[in-house]
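The values are calculated or read from the model by the stated rules, or taken from the named source; none is laboratory data. All values derive from a computational prediction rather than experimental measurement. Here the Cβ positions follow ideal geometry from the backbone for every residue, glycine too, while neighbour counts run over all protein chains shown.
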């Protein structure tokens with residue numbers, strides 16, 4: 001009988017490559033969304049928009065990048081290979097990114113990763129925003145982070161960075177609510 005166990009390191013290597021390529025693919029999509037944000041930010045500034053919570057925006061960006069690369073490091077350091085959790089993570093990421101581009105489409109030129117308010121800012125009253133408060137955070141960001149954890153089997157990242165991320169995100173939501181409260185009162 002022929003023993004195929006000698007192929008196991010090659011198969012694991014191929015599966016690890018699949019994790020890395022999947023991660024890189026989603027990261028490229030995330031960079032594309034960042035380019036949309038930067039373009040929109042420049043246009044908002046030209047129209048007189050004011051940025052709020054700039055320190056939190058910087059911290060949120062740092063924690064987001066740290067989360068991504070911590071998960072990737074963990075996947076490679078522990079040589080995690082593709083399995084059913086990676087598949088679930090990929091599907092979760094896919095739906096999180098659909099949600100991201102849905103939000104971008106709904107907000108159009110006012111969508112940024114930072115918090116900007118225009119002088120005559122209009123509240124989005126689409127079904128998405130009437131149904132779900134902060135859909136970018138709850139339909140995109142949190143599922144995205146969970147998807148990255150599952151894809152990479154990044155349990156340490158989940159344990160140590162996810163709580164930090166949630167605190168920073170909670171502060172962002174608080175700031176957004178505070179800044180937009182007068183705008184919501186105008187809609188009512």
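Data table
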{"item": "Residue 98 vs. criteria within 12 Å of the chain's Cα centre (by Cα), part of a helix (DSSP H, G or I) and surrounded by fewer than 14 Cβ atoms within 10 Å (Cβ to Cβ)", "result": "yes"}
{"item": "Qualifying residue in the range 114-127 (condition: outside any helix (DSSP H, G or I) and under 29 Å from residue 22 (Cβ atoms))", "result": "yes"}
{"item": "Criterion (over 28 Å from residue 180 (Cα atoms) and either touching a residue at least 12 places away in the same chain (Cβ under 8 Å) or surrounded by fewer than 17 Cβ atoms within 10 Å (Cβ to Cβ) (or both)) met by exactly one of 116, 84", "result": "84"}
{"item": "Residue list for the range 130-159, restricted to those being more than 21 Å from residue 104 (Cβ to Cβ) and surrounded by 12 or more Cβ atoms within 10 Å (Cβ to Cβ)", "result": "149, 150, 151, 152, 153, 154, 155, 156, 157, 158"}
{"item": "Output for the range 23-34, where each listed residue is touching a helix residue (DSSP H, G or I) at 6+ places or on another chain (Cβ under 7 Å) and over 13 Å from residue 76 (Cα atoms)", "result": "26, 27, 29, 33"}
{"item": "Which listed residue is modelled with pLDDT of 95 or more and either in a helix (DSSP H, G or I) or surrounded by 14 or more Cβ atoms within 10 Å (Cβ to Cβ) (or both), from 183, 166", "result": "166"}
{"item": "Test for residue 92: is it modelled with pLDDT of 95 or more and over 12 Å from the mean Cα position of the chain (by Cα)", "result": "no"}
{"item": "Unmet requirement for residue 140, which otherwise passes all of (1) touching a helix residue (DSSP H, G or I) at 6+ places or on another chain (Cβ under 6 Å); (2) over 16 Å from residue 89 (Cα atoms)", "result": "(2)"}
{"item": "Tally of residues being surrounded by fewer than 17 Cβ atoms within 10 Å (Cβ to Cβ) and in a helix (DSSP H, G or I) across the range 60-81", "result": "8"}
{"item": "From the options 6, 10, residue that is more than 29 Å from residue 91 (Cα to Cα), assigned to a helix (DSSP H, G or I), at pLDDT below 95 and over 13 Å from the mean Cα position of the chain (by Cα)", "result": "6"}
